[in-house]
Structures are given as C-alpha cells and as structure tokens.
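Following: one structure in structure tokens, then a few remarks.
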Amino acid sequence: MKILLLITCLGRGGADKQVIELAKSLNRKGNEVLVVSMLTLGVMGTEAKNDINIKSLNIERGKVDLISLFKFYRIVKDFKPVILHSHMKHAVIFSRAFKFIFFSNVKLINSFHNICSDKDRFNYLLRFSDFISDLNTFVSSASKLSYVKRNIVNKYKSIVVGNYIPQVSVKFPFREKSEVNYVIGALGRIHSIKNYELLIKSFYFFNKEIKNSKLVIAGHGKIDDLVRFSDTLGISDRVSFIGPISDISNFFYNIDLYVSTSKTEGFCLSLAEAIQHHRFSVVTNSGGVTDVLEDTSFIVNNHNEHDFSQRMLDAYDLDESRINEIINLNLNKVENNFSLDVIINKWISIYGQLL
C-alpha cells in the first residue's frame, strides 16, 4: 500500500515525531511511504532522511504559495499513493485544496493534533472544506469534541486515534527526596500556550514551603521574559531553562515531579512520556490529559497558581507506595492503549477500511 504523509513541518514538535515514527513503522509492515513537509526540513526531518523517504515543498513560513500546489501535484502523480494522510491544520487545508482543485480520487485522511478555539482564524476554512475529506481523526476525545461542537467537522466521519508513546525498557527508580534538591521538571516549547508564567508563580509558592526545591524547564524558544519574571519573584537561582534536549530519558531520570500548566493540549505527549519513565505528574486540565491518565486526582481544573502549587505540595507529601500505585495505574493505561503496535495496527486498519 502506497501512503503519502503530509505535514506542515518536521522540526521539533510532538506531531512531527509521530509522523516520522508512523512512516518508519508503516515501512516495516511492508508499505511504501513518502513523507512530505510543506516547510523546509527542520531538525527531525533532516535526521530522518536516512531512514525514510522525505521530500519538502520548501514553502516560506507565513506565506501562501499556490505554486507549491502544482509541485505537490507532481509529487502525488509520480508516487501514486492510495492514501493521502495530512497532519496539522495547514497541511489539512493544503491537502483539501489539492484534492478539490485537481479532482484527485486519493483517499484523504485529515489528522488534528490540537484543541480548537473560537479565535482560530482557520475555523471558517476548515468548516467550509470539510466535505472534501474522507475521514477526520483527532488525538484525543477532547480534541474531537472541540471541533465537533463548533460544527467545523462532520461528527459522523470523525474518530479518535491517539498518539503512540515510546516504551521505556529500563524501569526508572523512585527518587528519594534529596537533601540537596527536590527537582520539578517541565518539558515543552517556550510558548504562551504552555503557560509557563503560571508554573513559575506556582513554583514560587511551592518553594516557600520546600526550600530545597528546584524548577527545570526544557524546550526551545525565547526565554528572556520568563527569566526576568523569575528574577522579579526572587527565585531566578532556583529556576533553570536548559533549552531543547535530545536525551529525554536523562531528563526524566533527574527529576522528582513532572508538571504541565498548558492552557490546551491535544494529547500532551510529554505527560505520557513522564508516565513511561515512572514519574509522578501534576497537570492542568488542558484537554487531552484525561485520555492519558487513569488516575485523575492530580489534574488541576483551573489556572490558579495557589491551587496548582497546593497540588504540587500534596504530591510531595505522598509516600512511595501511593506514588507507585498511581504511576502503575497510569502506566497500564498508556501501555494498553498507546503502544506503537496498537496505534500502527489502528492506522493500517483505518487505511484498509477506506479503500
């Protein structure tokens, strides 16, 4: 089966990683896969070129490039896929425009990785063009609901297919509370949607109670404003920004508590990775987290720094047996529902049903 995977970019994002691993796994299952990035290849795309067939349309970010539709048409004509599977909003719109303009009979699957908001400027285009797609998929039930309730997609051709979560072969030991540092870790790009200001405020109150605590934030992006904010609160010596990381396992090995204060998350892959690394988590109710967690008692249902810091303190006070009990509940859910084999087999079944 020939499958073309179209994505907006292949940089450092969670969706980018999912598409690359999907392509590798589909190839191993005997399919022929081509990955096309709309933008110039980023870090992940460049690194994956030796393992999978990747092309780029080299569209400039922020520009509408109609010529690229014809370039993409030639790629499709040469490759002759039976499935065109697009990921992320820009690629969804682009793939729909391609199928409509060129009267293509390729089966079109559009995958959404986010939570839709009323302010999204693409809502009208997505609603208007929904008739073109054969199937819409969403990484979580919250992601699907956010589009369905705004009438942007037809609920009768919309399903949930979660992200796959890499398995960790080595069980990470419980970290005893150190006399030197109790380390809280957050992982994700530096962006307003991650709400790191809330996290830093919450940590400010946590650190008042737990003096030996430290906050480590990993992710790419501009940190100047957050550094100044930490300095204003007088905790800059306890907050570290370590930039993008390549060794995720090492990051989780060196933290005691994983936190996420995101405003919205389609799936929250980093939370799932924390679970795989046997790390306890406190998170905001950002949407997709409820699909990942079996035990939801440490989801904070608002964006209040006092409430979030209190749940971090509650997590700190838990004994080892209770921590392991909750971690194992969440781990069983992740392994049973989001392993690579489970997700790949779902996709292969979906492709087959469309043909």
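Evaluated against (1) in a loop (DSSP other than H, G, I, E, B); (2) under 30 Å from I83 (Cα atoms); (3) among the hydroxyl-bearing types (S, T, Y), S297 falls short on exactly one condition, (2). Inside segment 47-76, residues that are β-branched (V, I, T) and free of Cβ contacts under 8 Å to residues at least 12 places away in the same chain make up a count of 2.
When each of I165, I159 is tested for being in contact (Cβ under 8 Å) with a residue 24 or more places away in the chain, within 30 Å of N332 (Cα to Cα), exposed (fewer than 15 other Cβ atoms within 10 Å of the Cβ) and under 20 Å from the mean Cα position of the chain (by Cα), the lone residue that passes is I159.
Checked against the criterion of being under 30 Å from N328 (Cβ atoms) and β-branched (V, I, T), segment 204-211 has at least one qualifying residue. What do you reckon, is I348 out of contact with any Ser or Thr (no Cβ under 6 Å at 6 or more places or on another chain), closer than 25 Å to I109 by Cα, surrounded by 15 or more Cβ atoms within 10 Å (Cβ to Cβ) and assigned by TED's automatic domain parsing to the domain that holds S146? Against the criterion (out of contact with any Ser or Thr (no Cβ under 6 Å at 6 or more places or on another chain), closer than 25 Å to I109 by Cα, surrounded by 15 or more Cβ atoms within 10 Å (Cβ to Cβ) and assigned by TED's automatic domain parsing to the domain that holds S146), I348 qualifies.
Quick grid of which residues meet (1) of a type in the set (S, T, N, Q); (2) surrounded by 14 or more Cβ atoms within 10 Å (Cβ to Cβ); (3) not assigned by TED's automatic domain parsing to the domain that holds N123:
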{"site": "R61", "(1), (2), (3)": "no, no, no"}
{"site": "L66", "(1), (2), (3)": "no, no, no"}
{"site": "Y73", "(1), (2), (3)": "no, yes, no"}
{"site": "K77", "(1), (2), (3)": "no, no, no"}
{"site": "L84", "(1), (2), (3)": "no, yes, no"}
{"site": "I93", "(1), (2), (3)": "no, yes, no"}
{"site": "F102", "(1), (2), (3)": "no, yes, no"}
{"site": "N105", "(1), (2), (3)": "yes, no, no"}
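Of all the residues in segment 1-18, those that are modelled with pLDDT of 95 or more and crowded, with 18+ Cβ neighbours inside 10 Å number 5.
Is there a residue being under 14 Å from L6 (Cα atoms) and aromatic (F, W, Y) anywhere in segment 62-70? No, segment 62-70 contains no residue that is under 14 Å from L6 (Cα atoms) and aromatic (F, W, Y).
Every residue, every condition in (1) buried (at least 19 other Cβ atoms within 10 Å of the Cβ); (2) over 22 Å from Y253 (Cα atoms), yes or no:
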{"position": "I275", "(1), (2)": "yes, no"}
{"position": "F308", "(1), (2)": "yes, yes"}
{"position": "M312", "(1), (2)": "yes, no"}
{"position": "R322", "(1), (2)": "no, no"}
{"position": "K333", "(1), (2)": "no, no"}
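Could you tell me whether V300 is at pLDDT 95 or above and either among the acidic types (D, E) or under 22 Å from L198 (Cβ atoms) (or both)? Spelling it out, V300 is indeed at pLDDT 95 or above and either among the acidic types (D, E) or under 22 Å from L198 (Cβ atoms) (or both).
For segment 200-234, a residue qualifies if it is surrounded by 20 or more Cβ atoms within 10 Å (Cβ to Cβ) and of a type in the set (A, V, I, L, M), and the qualifying residues are I200, L215, I217, A218. Taking each residue of segment 3-24 that is in contact (Cβ under 8 Å) with a residue 24 or more places away in the chain and looking for partners that are charged (D, E, K, R) and assigned to a helix (DSSP H, G or I) with beta-carbon atoms closer than 7 Å, six or more apart or interchain, yields I7/D16; C9/D16; L10/D16.
Just need a number here: residues in segment 279-294 that are in a helix (DSSP H, G or I) and either polar (S, T, N, Q) or surrounded by fewer than 19 Cβ atoms within 10 Å (Cβ to Cβ) (or both). Even if it seems obvious, please write down each step before you answer.
First pass over segment 279-294, keeping only residues in a helix (DSSP H, G or I): 289-292.
Subset that is either polar (S, T, N, Q) or surrounded by fewer than 19 Cβ atoms within 10 Å (Cβ to Cβ) (or both): 290.
Selection size over segment 279-294: 1.
Scanning segment 230-277 for residues that are part of a strand (DSSP E or B) and within 21 Å of L340 (Cβ to Cβ) gives a single hit, E265. Would segment 251-271 turn up any residue that is polar (S, T, N, Q), without any contact (Cβ under 8 Å) to a residue 60 or more places away in the chain and surrounded by fewer than 18 Cβ atoms within 10 Å (Cβ to Cβ)? No, because not a single residue in segment 251-271 is polar (S, T, N, Q), without any contact (Cβ under 8 Å) to a residue 60 or more places away in the chain and surrounded by fewer than 18 Cβ atoms within 10 Å (Cβ to Cβ).
The values are calculated or read from the model by the stated rules, or taken from the named source; none is laboratory data. All of these numbers come straight from a predicted model, not from anything done at the bench. Note: ideal-geometry Cβ built from the backbone for every residue, glycine included; neighbour counts use all protein chains shown.
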